[in-house]
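Below is one structure, written out as C-alpha cells; comments come after it.
Just so it is clear, none of the values below were taken in a lab; they were calculated from the coordinates. These numbers come from a predicted model, not from an experiment. Note: ideal-geometry Cβ built from the backbone for every residue, glycine included; neighbour counts use all protein chains shown.
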Amino acid sequence: MAIELLVQGLSGFVGLPQLLATSFGVFVGIVIGIMPGLGPLLGLTLLTPMAMGLNALVGMGLLLGIFVGGTCGGAISAVLLRIPGTPIAAATLFDGYPLAQKGQAPLAVGLAISASAIGGIIGGLFLIFASPLLAAAARRFAPPEYFALALTGIVMIAIVSRGSTLKGLMVGLAGLLVSTIGMDPYVSRMRFTFGQMELAGGVGIVPMVIGLFAVSEMFRQLEVGGLDISPGIEAFRAPFASVSYAIRRFWNLFRSSTIGTFVGALPGTGSVIASFLSYSVAKASSKNPDEYGTGTPDGVVATEASNNACCGGVLIPSLSLAIPGDPCSAMLLAALMLLGFLPGPELFTSHPGMVGGIFLAYILSNIMLLILGLLFTPFFVSILNIKKQWLVPFVLLLCVVGAYGMETDTHDLWVMLLFGGVGYVLHKYDFPVAPLVIARVLGPIMEDNFRRALIMAADEYSVFFTRPISVVILAINAIALAFTLLPTSVKTKMGLGKLRQSRDIDCA
Amino acid sequence: MRTGEMIVTGGFVLVGGYVLFEIGTTFVALGIASGGGRDNAALFPGILASLLLLVAATHVASRLVKARRGNGQATQHAVVDVIEYTRAPGSGKLQLALLALLVFYLVLLEFVGYLVTTPLALMAMFRLLGVRRPVVNVVISLVTTLLVWLLFSELMRIPMPPGRFGLYL
C-alpha cells in the first residue's frame, strides 16, 4: 500500500512550485531554528497563512520544510554558541560545542546537518511504511477508541511537560475548555462567547499559538538582555565530506534514527526525549564511552539523527490517527484541516494522492536540508550575529501579519496578544504551554467522538469500558497518570525510584 | 508555593468556576444543559471544568503538604536545563513599554492601516530597544514594512489591514 500511495502522490507532487515551496520552507526553517528562543513551531504558525494561499500539496511541502529545517537549525547555535536554538538541540551541545572548540566547527556543523538529513530520511521511510498499516488497523476504531486516543495525547503531553504533571493537566484541561468556545456542533448554540460574534468559530488556533509561543518568547528575550550584543562569529563553509563522515557511522546513525522514530511515534514524547535517549544509548554502546562529552563526532550524529528522525515519527500517529505527537505536528494537523483534509484512516482511502504527496514532501525536505544546509552554512552562521534589537521588532511584526493573515480580522490580533500574556505568565511560573496547544487541536476531536460514542450507545457511558481497544487505551492512560502522580515515598517503597521529568518539550 | 504560581492556579479555578456558573445559568435557561450526547451542550465542558477544579485543588493540597513537611519549593529535575539566565536589570520596564507600544500599534492598525502605522511602530520599537542611529532606523523600518507587504500582500495575496481609510499601495 505504501508504494501505491507514493505513486499516487507523485503525480500531484512533481513540479517546480512544490520544489520551490519545500526548499523555501527548509531555508526559512533553518534560519528560524538557528535563532535562540525561536523554533520550528514559530515558523509553522507564522507561515501557515502563506500555506493557505497555495495549492494544498505545495502548502504542506512549505510547512514540512519548515518543520524539518527548524528541527535541525537549532544545532548550529548549539555548536557555535553553546546555546541551542531550540530545546531539541540541547543534547547536541554536549559534543558539538567541544568539537567546535577543538577548531572543528565546520565539521561539527556539517555533521549535524548531514546526520539530521539522513536521520530524517530514515524516519521518513518508517513513516511511509508504518503509517498505512496503522491507518488500516485504525479503520476498526469507532468513536470510543478515537476519544481514548485523543485523551492519550493530552495525558502524555501533560506527563512529560515542564513543571509537574498536575500543572500539565491543568493547562491541558484549560486548553480543552478553550476548544469548546464557539458554536456547539450538535445543538447549534453559542458557548462561552461573551456575546461576541467573532468567537462563533472558536478561538483561532494560529493567533493563539503565535501569541503563546512567539509573542511571549520575544518578551522573554528582553529579560535575557544583551539586546545590542553580537557574538561576532566568522562565517565558514561546512565540508560536503561531512556527509561521508556521517555515513561511515552508519550503525549509530541507523540506531539513533530508529530510536527517534519510535519515540516520536508515541504521543506526547518528542524530539528532546528522543535525542537524549539516543545519546545515552550511543554512549552506553560505545567502545570508548569516556570520549562522549569531549567532542566526539558520534555524539553529534546520535542526537541529530534522532531528533530529525523524530519528525517522521510524530507524523505517523498524526496522519494515521489524527493524534499529534507534539505542538509542531499539532500545527501541521491544524494546517491540513484548514486546507480541507481530515487526518485519520479516511485520509488514506479518500485522498491517497495527498498522503503520498506528504510522504514525498517530507523526504524532499530532508534532501533539501542536506543540500541547502551545507551550501548556505556561511549565511546561516552570519544570522547568529544579528542583534536582538533588530530581531525582536521584526519577529513581532511577522506575528501581527501572521495572526491577521488567517481570517483578515483584527480581532485575531487581540487574541494573539491575550495568549501572548498567557504564554508569558505560564512560562514564568513553570507551567507548560505545550498541553494548551495540543488540547486546542484535539479538543474538537475529543468532544465529537465522546458525544458520538454516547449517541451510538444510547447514552450509556459503559461504551468506553466495554470495547476492548478503548478500555486498554484508557487503562494505559490511567496507569501512566497514577504512576506519575504517586508520591516519591510510595514509589521508593515499590522500588521504582524517582521519576525524572523533562522540561517543556514544545519545539518552539 | 510561590505567589505567582498561586495566582495562576487561582486563574484556573476561576476558569473552571466560570464554566460551571455559565452551565448552571445560561445553559440551563437555553435548555441545553441536560440530556445525552446529542442535546447536552454542557456535558463535555462540565466534565472538563469539574476535573480542572479537582486537579487544581489536588495541586494546592500537594503543595501545602510539601510545605508543611519542610520540602520548600518542589524541585522538578529537568533533563534539559540549558537555557537558564538571570533577569537583565531594567527589563521589566522595557517589557511594559514594549507592551504599551504593541497595544498602541494594534489600535492604530485598525484605524489607520498597515502602511502608515507599521513603519512608525517599527521605528519606535527599534528606538526603545536601543538603536541609536536615526537614519538607519528609518531606512530599515521603511524597507522592512515594504518587504513584508510585498511578500504577504502581493506574492501570497494575504491582504494587510487597510484601516478605516482604506489605504492601499
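Can you list, largest first and rounded to whole Å, the semi-axes you get for the range A:128-243 by taking the square root of 5 times each eigenvalue of its Cα gyration tensor?
37, 27, 16
From the Cα trace of the range B:89-169, what convex hull volume per residue do you get, rounded to a whole Å³? Display every interim value, and only then the final one.
On the way: hull volume 7.3 nm³, N = 81.
Value for the range B:89-169: 90 Å³ per residue.
Determine one quarter of the surface area of the Cα convex hull of the range A:1-120, which equals its mean projected area, and express it in nm² to one decimal.
8.0
Compute for the range A:399-449: radius of gyration divided by Kirkwood radius, i.e. Rg/Rh, restricted to C-alpha atoms, rounded to two decimals.
Rounded to two decimals, Rg/Rh equals 1.06.
Relative contact order for the range A:174-252 using alpha-carbon pairs under 8 Å, separation at least 6, rounded to a whole percent?
Relative CO of the range A:174-252 lands at 18 percent.
What do you get when you divide the Cα radius of gyration of the range B:13-64 by 2.2 N^0.38 Å, with N the number of residues?
Working: Rg = 12.8 Å, N = 52, 2.2 N^0.38 = 9.9 Å.
For the range B:13-64, the normalised Cα radius of gyration comes out at 1.30.
Express in whole angstrom the spacing between the alpha-carbon centres of the range A:106-170 and the range A:401-424.
Between the Cα centre of the range A:106-170 and that of the range A:401-424, the gap is 28 Å.
For the range A:156-313, compute Rg over Rh where Rg is the Cα radius of gyration and Rh is the Kirkwood radius from the inverse mean 1/r over Cα pairs.
Numbers: Rg = 22.2 Å, Rh = 19.8 Å.
That ratio equals 1.12.
Pick out, in residue order, every one of the trypsin sites (Lys or Arg not before Pro) in the range A:205-263 that is DSSP loop and has at most 15 other C-beta atoms within 10 Å; say none if there are none. Kindly include the intermediate steps, with their values, before the conclusion.
Values: sites: A:R220, A:R237, A:R248, A:R249, A:R255; in loops: A:R237, A:R248, A:R249.
Sparse-neighbourhood loop trypsin sites (Lys or Arg not before Pro): A:R237, A:R248.
How large is the convex hull of the C-alpha atoms of the range B:122-168 per residue, in Å³?
86
Arrange the following residues from fewest to most other Cβ atoms within 10 Å of their Cβ: A:T71, A:T269.
A:T269, A:T71
Regarding chain B, what's the average projected area of the Cα-atom convex hull, expressed in nm²?
Working: hull surface 71.4 nm².
Average of the hull's projected areas for chain B equals 17.9 nm².
Which ordering of A:K102, A:K388, A:K287, A:K167 is given by a fewest-first count of other beta-carbon atoms within 10 Å?
Least to most surrounded, the residues fall as A:K287, A:K102, A:K388, A:K167.
Largest first and in whole Å, give the semi-axes of the range A:245-301's equivalent ellipsoid, each being the square root of 5 times a Cα gyration tensor eigenvalue.
Here the semi-axes work out to 21, 12, 9 Å.
Return the Cα extents of the range A:246-388 along principal axes one, two and three, sorted largest first, each rounded to a whole Å.
That works out to 52, 37, 30 Å along the principal axes.
Rounded to the nearest 500, what is the protein assembly as shown's calculated 222 nm mean residue ellipticity when only DSSP H runs of at least 4 contribute -39500 (n - 2.57) each, over all residues?
Rounded to the nearest 500, it is -22500 deg cm²/dmol.
What size of dipole, in debye to the nearest 20, comes out for the protein assembly as shown about its Cα centre when the only charges are +1 on Lys and Arg C-beta atoms and -1 on Asp and Glu C-beta atoms?
Working: 40 positive and 32 negative charges, 305 e Å.
Value, rounded to 20: 1460 debye.
From the C-alpha coordinates alone, can you work out the Kirkwood hydrodynamic radius of the protein assembly as shown, in Å?
25.5
On alpha-carbon atoms, Rg over Rh for the range A:151-207 using Kirkwood Rh?
Working: Rg = 13.8 Å, Rh = 12.6 Å.
Result: Rg/Rh = 1.09.
Can you check what the Kirkwood hydrodynamic radius comes to for the range A:358-451, Cα pairs only, in Å to one decimal? Can you show the working numbers first?
Numbers: mean 1/r = 0.0577 Å⁻¹.
Mean inverse Cα-Cα distance, inverted, gives 17.3 Å.
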